[in-house]
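To start, the structure itself, in structure tokens.
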Amino acid sequence: MSEDKQDKKVAGGPPWKKGGRGWKHKIQEDGDDLSKLQHQVDESLPCVKVFRKFQEELDAKHDKYENLVKSSRDLTIESKRIIFLLHRITGCKEETTEKLLSEASIKIKELQSGNLRKIAEQLQDEDIFYYLRSISPGLQEYVEAVSFYHYLKDNRLVGFEELQADLVFHEENDTSSKEDSLLSKQVLVPLPPQDYMLGIADLTGELMRKCINSVGQGNLEEPFQLCHFIQNIYDAFLSFGNTPGREFTRKIQTLRQSLKKVENACYTIRVRGSEIPKHMLIHVFNEEISENLECDLTV
């Protein structure tokens with residue numbers, strides 16, 4: 001075989017063989033060919049116009065999805081701050097408690113008029129199920145914060161209808177009509193029942209922390225009230241039977257663990273409360289909780 005034919009064979013060989021031009025060079029050639037084809041596309045063709053329209057719609061949906069993810073992240077952060085503020089109520093006097101509840105109420109209203117209203121405007125005339133996963137974590141954290149606030153204020157569980165009513169906003173648009181100068185338009189953030197239930201399941205974790213903190217402050221009556229309240233929530237979740245979804249199963253397991261910790265705290269208060277001073281009960285609870293966690297990890 002002559003040298004010229006051998007050089008042509010090596011240069012034109014596959015990129016994975018010795019002497020080939022390499023996969024990077026192949027990708028570059030494909031990219032150059034694609035750019036040439038794009039320049040050769042006739043934009044006046046009807047099918048090309050249709051696909052350009054599809055491209056614009058998909059880009060707009062993706063941009064809105066990313067904006068909703070950012071808004072949901074901000075909603076989660078602000079809701080956590082409200083929860084941290086409410087935990088400061090434990091062991092405070094009545095005047096300080098009213099002040100903290102008032103501050104939390106203001107923050108919740110600001111959250112509704114700010115971040116949640118922005119989400120409602122972005123979801124206007126859109127399919128909620130397309131964007132549901134982008135706002136679901138933020139809604140669950142919001143439900144947890146608001147339900148914790150209502151429990152501390154009124155000692156009750158906030159209802160689904162009440163939460164949904166707070167997520168309806170009214171917009172006033174100027175019109176040229178003399179009879180009706182202002183036209184009220186409603187926008188809302190649809191609250192899925194599943195996110196409401198998952199947020200209530202997260203509430204039990206905050207109630208468990210409040211129970212342990214109450215014992216640390218010397219309040220030995222509140223753990224029994226919290227235990228009864230969490231038991232009612234757990235019974236309600238069990239009444240649904242086999243709920244679909246991995247997230248439901250995980251939240252119910254966490255709920256069961258929180259209930260177990262509160263019940264152990266009540267047991268310790270009732271059985272060993274007379275033997276152990278009040279200021280040392282919190283250390284006993286922490287030891288029992290750590291032992292239970294080690295047992296759960298080994299199982």
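The values are calculated or read from the model by the stated rules, or taken from the named source; none is laboratory data. Remember, predicted model here, so these are calculated numbers, not experimental data. Every residue, glycine as well, gets a Cβ built from its backbone with ideal geometry; the counts of neighbours run over all protein chains shown. Ligands, DNA and RNA are stripped out before the accessible areas are found, and what is left, the full protein with its side chains, is counted by its heavy atoms. Shrake-Rupley method; radii C 1.70, N 1.55, O 1.52, S 1.80 Å.
With the structure loaded, tell me whether Phe169 is assigned to a helix (DSSP H, G or I), among the aromatic types (Phe, Trp, Tyr) and either surrounded by 15 or more Cβ atoms within 10 Å (Cβ to Cβ) or out of contact with any helix residue (DSSP H, G or I) (no Cβ under 9 Å at 6 or more places or on another chain) (or both) or whether it fails that test.
Working: assigned to a helix (DSSP H, G or I): no; among the aromatic types (Phe, Trp, Tyr): yes; either surrounded by 15 or more Cβ atoms within 10 Å (Cβ to Cβ) or out of contact with any helix residue (DSSP H, G or I) (no Cβ under 9 Å at 6 or more places or on another chain) (or both): yes.
No.
Might you let me know whether the range 103-115 holds any residue that is farther than 19 Å from Leu167 by Cβ and out of contact with any Ser or Thr (no Cβ under 9 Å at 6 or more places or on another chain)? Yes - at least one qualifying residue is present in the range 103-115.
For the range 136-156, the condition holds for no residue, the condition being that it is in contact (Cβ under 8 Å) with a residue 24 or more places away in the chain and over 20 Å from Gly205 (Cβ atoms).
For the range 219-237, the criterion of being within 24 Å of Arg88 (Cβ to Cβ), in a helix (DSSP H, G or I), of a type in the set (Phe, Trp, Tyr) and open to solvent by 40 Å² or more (accessible area, probe 1.4 Å) is met by at least one residue. Would you be able to say whether some residue in the range 61-79 is over 20 Å from the mean Cα position of the chain (by Cα), within 18 Å of Ala120 (Cβ to Cβ) and either assigned to a helix (DSSP H, G or I) or of a type in the set (D, E, K, R) (or both)? Yes; the residues of the range 61-79 include at least one that is over 20 Å from the mean Cα position of the chain (by Cα), within 18 Å of Ala120 (Cβ to Cβ) and either assigned to a helix (DSSP H, G or I) or of a type in the set (D, E, K, R) (or both).
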